[in-house]
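Structure first, then comments.
The values are calculated or read from the model by the stated rules, or taken from the named source; none is laboratory data. All figures in this text were calculated on a predicted structure; none of them were measured in a lab. FYI the Cβ positions are ideal-geometry reconstructions off the backbone, even for glycines, and counts take in every protein chain you see.
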Amino acid sequence: MKKKLISILMIIVVLTCSYSTIIIKGATLGEQKQEVQNQKQQAEQKLEYVKEELSNAIVKIQELDDTIKQAEEDINGLEIELEELQKRINQIIETLSNIEKSYIENENLLQERLVANYEAGDITYLDMLMNSANIVDFLSSYYSIQEIVKYDIELLEQIEKEKKQVENSKKELEEKKATLKVKKAKKEQLSVITQNNKNIKEQAIINLSTEEQELQQKINEYKQEEARIEALIKIATNEYEYTGDYTGGVMAWPIAKSGTYITSGYGIREHPIQGIIKSHSGIDIGNAGFGAPVIAAADGIVTMAGRYGGYGNCVMINHGNGISTLYGHGQAILTEVGKQVKKGDLIMEVGSTGISTGPHLHFEVRINGSCTNPMPFLEGKSE
């Protein structure tokens, strides 16, 4: 058992470079293709062995770990929502206070105007004419009364407007307070569930054998590396600004070679190394072979170009408007950070570096740093 588990640890490392000696110098294309196929079959057999040897306890721990991670992301999201809700509630309360103050002042002013009009009694235009010294005096008095009437009408309209604003603000305030209450309850419930899952996970780890704990630690290290790379990607996303704007339309197929196709789509899949069900952040394009040309899918500026954990040799391009693309597992990088590229420019060669089971391109599209399905962009439906 110990030897098998040690072998698993080695396989996780060895699989990342299992194709490094596939291309034989002087071999025909057919022989190279056959050798690639043989190596692929061997890798698949090793992967099956790894998945079989992952005990139920380890699988359960990984599932708990993924659940905890997602819950913590949800809790962080709820905290941001709660903060924004509280800010909005404070804004509404302040606005409501100002509107109510103005409403009361205008209402009192209107009452004073009504009393003054009542005490003055009815004034006819004939009275104005008789009491005027001349036509100029009459027109002046007439204009003054018209202005007073206009002011009274505007005052009434303002009071009515403020009355509606008060009613709407009070309604929104109650709605926001109700939403805040629900969000707080959801956060508290999620926090309790997450803590329980952490306790279950810790106990499950304690119950693992020494060999299983070694394997568990190896998987944890892999996940930590994933998280580190993800953080670097988000930093790189905002580090270089591209002056152009991505306005939609069709992105170029990222491998400039005929006969390539998608071998693994975007979304939920079984991870080929961990054997755990998880999200695939992009698409894998295969049947290209080592050294096939990888091109920029659209105009942009290179924000990453180097080796990044499981991505291996990786390039990322910012296309403007929050859109970026990522190209992973390259054999060689043919561009550099800060370089402006055009759609179709050569940026990399297909390879199998990083966490990979054979020569292919891992291609991602990200919106403001978050992964999204690349297919609508490649099919011209991203608008």
Original post:
Residues in region 232-254: is at least one outside any loop (DSSP other than H, G, I, E, B), free of Cβ contacts under 8 Å to residues at least 40 places away in the same chain and under 20 Å from Glu72 (Cα atoms)?
Top reply: no
Original post:
Would a scan of region 211-218 turn up a residue that is acidic (Asp, Glu), more than 24 Å from Ser370 (Cβ to Cβ), modelled with pLDDT of 90 or more and assigned to a helix (DSSP H, G or I)?
Top reply: no
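Taking Gly306 as the residue in question, decide whether it is closer than 25 Å to Asn220 by Cα and touching a helix residue (DSSP H, G or I) at 6+ places or on another chain (Cβ under 8 Å). It would help to see each step written out before you state the result.
Details: closer than 25 Å to Asn220 by Cα: yes; touching a helix residue (DSSP H, G or I) at 6+ places or on another chain (Cβ under 8 Å): no.
It is false that Gly306 is closer than 25 Å to Asn220 by Cα and touching a helix residue (DSSP H, G or I) at 6+ places or on another chain (Cβ under 8 Å).
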Original post:
Out of region 197-216, which residues are of a type outside the set (Asp, Glu) and surrounded by 12 or more Cβ atoms within 10 Å (Cβ to Cβ)?
Top reply: Asn197, Lys198, Ile200, Lys201, Ala204, Ile205, Leu208, Ser209, Gln213, Leu215, Gln216
Subject >> Elements of type strands (runs of 3 or more DSSP E) in region 276-383, at least 3 residues being buried (at least 20 other Cβ atoms within 10 Å of the Cβ) and not aliphatic (A, V, I, L, M) >> reply: 313-320, 323-330, 361-367
Original post:
Pairs, please: C-beta under 6 Å, at least 6 apart or cross-chain, first residue under 19 Å from Gln165 (Cα atoms) and in region 73-93, second of a type in the set (Lys, Arg)?
Top reply: Arg88/Lys176; Ile89/Lys176
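For residues that are in a helix (DSSP H, G or I) and in contact (Cβ under 8 Å) with a residue 40 or more places away in the chain, tally how many sit in region 179-209.
Here is the first cut: in region 179-209, the residues in a helix (DSSP H, G or I) are 179-206.
Still in the running and in contact (Cβ under 8 Å) with a residue 40 or more places away in the chain: 179-180, 183-184, 186-187, 190-191, 193-194, 197-198, 200-201, 204-205.
Adding up the residues that qualify gives 16.
Out of everything in region 217-231 that is closer than 17 Å to Val315 by Cα and free of Cβ contacts under 8 Å to residues at least 24 places away in the same chain, what residue ends up being surrounded by the most Cβ atoms within 10 Å (Cβ to Cβ)?
Keep residues of region 217-231 that are closer than 17 Å to Val315 by Cα, which gives 226, 228-231.
Checking the rest, the ones that are also free of Cβ contacts under 8 Å to residues at least 24 places away in the same chain come to 230-231.
Values: Glu230: 15, Ala231: 10.
Result: Glu230.
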Subject >> Hey, Leu155 assigned to a helix (DSSP H, G or I) and either modelled with pLDDT under 70 or assigned by TED's automatic domain parsing to the domain that holds Gln216 (or both) or not >> reply: yes
